[in-house]
1. Between GLN130 and ARG59, what FRET efficiency comes out of the Förster formula 1/(1 + (r/R0)^6) with R0 = 45 Å and r the beta carbon distance, rounded to 0.05?
2. Can you give the local net charge around PRO90? Use residues other than it whose beta-carbon is closer than 12 angstrom to its beta-carbon, Lys and Arg +1, Asp and Glu -1.
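Every number in this text was worked out from the coordinates using simple rules, so none of it is lab data. This structure is a prediction, so every number in the text was calculated from the model and none was measured. So basically every Cβ, Gly included, is an ideal-geometry build from the backbone, and we count neighbours across all protein chains shown.
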Amino acid sequence: METDRHYFFEGLFIIVLSVGEALAFVWLSGSHHRDDVLYRIHFSESVSGLSLGDPVKFRGVDIGTVKAMSLDLADPRRVEVDVALRKDAPVKTDTKASLKLKGITGVVFIELDGGSTGAKTLVAMTPEGQIPEIPSEKSTLTTLVEALPKAVERFLAIENQTRKVLADVGATTSEIKENPSRLIFGSKSKTTTASNEKGNSGVRQKATPKRQDETGQ
């Protein structure tokens, strides 16, 4: 009986201690984030890969997490993302948000950038009762994807032009193989044409004074 009672009190002590640690952790977590500021970001691109709890970074430094995501009811083409950021995060009126890809794992996070020294804080410039909204800009990946069709069109145009040049060169080469004398006759023909043009020019120059003598001028 003494042994069972001893084990009972030991188990009870462990349970109470565990519950106390859990409550302390919750309290500390709440006190640590109680000063966080809620911001809102609207993205006009897909946020695939972004999840609740994912980090929000300012130039690579963790300053908060993603709290909520939903489609914008006013414009379903946009995604509304709420983030909780530290109170001391330097979010200003010229700060911009964008989606970044972490390595090649497909993990996405929100990166904040900008915020000049002379700019005012976004919270101070937001009317009371409204959620401060951080403007977003297209991610580098989206910009590259949008520019890809134009790059493909240019490549195809260059390819078609190259094929045409190669076809012309191939046709000329085939003609020369069939009749090599075309090279010689072609050069003679050009020389003869140039000589005729030179001779005709001399005739025209001599004829001009003759007309002037006939008119008596």
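1. 0.95
2. Spelling it out: positives minus negatives among the neighbours equals +2.
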